[in-house]
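To start, the structure under review is shown below, and the notes come after it.
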Amino acid sequence: MVVEGSESMESLSRRQLLGVLGASAAGLAGGGYWYVRGSDAVDCPEFLEPDREFRESTSEAWSEPIVDDGTVFVGGGAGIVRMSSGSRMFRLLALEPSGEPKWVARRELAGGIGRPRPTDDRVFVSTGANTLLAFDRETGGLEWEFDAGGNVEGHMGVVTLVHDDTVVASVNDPNHDELEGSNAVVGVSTNEGELQWTTELDASVSNGLALFEGTVVVATRAGTLVGVDPETGDRRWEGDLEGGVDWTGSPVSFAGSGWIPREDGTVVGFDPESGTIRDRLASDRGDDERENETDGFVRAMQGSDDALYVGNLDGRVTAYDADGSERWLYEGLERIAAMKTDGDAVSVLDQRGVYTELEPETGDVSRAFLLVDVRDDDRCGHFPSERRFGGFATIRHTLVVTGRVAFGAKTYRLPPPG
């Protein structure tokens with residue numbers, strides 16, 4: 001198969017980089033980041049250098065990587081809702097477990113590609129251009145496009161869901177004969193891309209879509225919680241989270257309840273069958289009172305069979321048991337960027353670029369690695385960017401990491417455990 005647009009690179013180590021720049025340039029190797037000195041200095045873990053890198057034009061904002069049946073899917077420009085100068089070419093990557101591209105789909109859009117939603121036959125993605133796209137899973141060929149209109153002023157949320165023969169996405173400021181109002185959730189047929197139903201909302205949706213046992217749960221930025229029938233679009237229930245939801249807030253399932261963080265740091269547990277609030281877990285901002293912090297400070301949340309893991313901007317990860325009691329607290333050194341759990345480990349990526357694996361029962365660190373960035377090598381020991389990283393996934397000892405601002409998408413080879 002001929003693969004379009006594959007890119008690879010060899011990274012320089014910090015010593016090699018400084019050798020090229022010269023010793024006098026050592027202070028610039030952090031790319032303008034402030035060094036941490038004295039008692040606040042950080043002991044850097046062993047670092048990994050990337051095997052491969054993909055960049056998304058000048059924006060380099062990528063979706064979190066999604067692993068499905070041995071393939072990693074990554075969307076370019078996630079969260080970019082409009083371009084200041086017309087349209088731009090964005091890409092959807094399908095990567096082998098080695099990090100090699102299986103195929104690269106390209107599409108000129110007025111806004112980026114959201115989190116991919118693969119099925120057996122297709123890969124569905126929402127876009128910042130208010131269009132929903134369906135690609136052939138094996139070849140990357142475009143099969144159909146649903147256009148909600150308002151392609152410059154409007155946009156879709158990052159998340160797309162699939163239930164049976166229906167694709168579900170959120171639209172904002174559409175210009176379509178069958179869509180009224182500024183915000184809605186739509187159901188589109190998986191085979192033809194035809195609009196099946198629409199449900200109006202009181203505010204926009206970004207990551208606030210999830211599927212709970214046959215019900216689409218929608219969390220709007222205003223804090224409204226709506227349960228929608230994915231086959232008809234009928235409202236099954238509506239609830240109030242009693243506070244707004246950050247653009248990253250996404251419902252997760254744990255212990256028979258749905259859970260979502262509010263902007264104020266409270267994690268709300270609700271009944272997925274009625275929307276009734278069942279519980280609240282208060283997340284303390286701690287000493288992370290930073291200027292110009294406008295969005296919620298719970299940055300990552302994962303539910304497993306027996307614990308709920310909450311990662312904050314202050315670097316802490318808290319594990320909660322089913323009764324709401326705290327199992328353990330891991331106090332990291334920098335903002336949590338993303339988090340995953342698979343039963344064997346709770347994997348955490350922070351905004352320094354440190355990847356850490358924690359024991360699920362105790363929170364003890366089993367291993368940690370620093371991820372090297374070829375342009376701004378070795379961020380450990382610096383105050384890092386708030387949004388350097390966007391997500392990660394592991395597959396067969398390959399770590400795929402994506403960034404939001406100036407990192408791109410990179411693959412690393414993790415050494416075997418032990």
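The values are calculated or read from the model by the stated rules, or taken from the named source; none is laboratory data. Quick caveat, the model's predicted, so the values are computed rather than measured. Glycine gets a Cβ as well: all are built from the backbone with ideal geometry, and neighbour counts include every protein chain shown. Remember, those area values only see protein heavy atoms, side chains included, never the ligands or the DNA or RNA. Shrake-Rupley method; radii C 1.70, N 1.55, O 1.52, S 1.80 Å.
Quick notes on this structure:
- For MET89, net neighbour charge (Lys/Arg +1, Asp/Glu -1) across residues whose Cβ lies under 9 Å away: +3
- Looking at the range 206-274, none of the chymotrypsin sites (Phe, Trp or Tyr not before Pro) sits in a DSSP loop with at most 10 other Cβ atoms within 10 Å of its own Cβ.
- Karplus-derived HN-Hα couplings along the range 330-344 (A = 6.51, B = -1.76, C = 1.60, θ = phi - 60°), whole Hz, x at Gly and Pro: 9, 9, x, 9, 8, 3, 7, 9, 7, 8, 9, 9, 10, x, 8
- GluC sites (Glu not before Pro) restricted to the range 129-190 and DSSP loop, no more than 12 other C-beta within 10 Å: GLU178, GLU180
- Each Lys or Arg adds one and each Asp or Glu subtracts one; over the other residues with Cβ under 15 Å from the Cβ of VAL252, this totals -3.
- Think of a 1.4 Å ball rolled over the protein heavy atoms: the range 161-221 then has 40 Å² of accessible area per residue.
- The accessible surface of the range 107-194, taken with every protein chain in place and a 1.4 Å probe, is 34 percent carbon and sulfur.
- Protection-proxy order for peptides 313-322, 68-77, 108-117, each taking the mean of Cβ atoms within 10 Å per residue, highest first: 108-117, 68-77, 313-322
- Taking Cβ atoms as reference points and 12 Å as the exclusive limit, the residues near ASP306 contribute a net charge of -3, counting Lys and Arg as +1 and Asp and Glu as -1.
- Using a Förster distance of 25 Å, the FRET efficiency for ARG235-GLU180 (Cβ separation, nearest 0.05): 0.95
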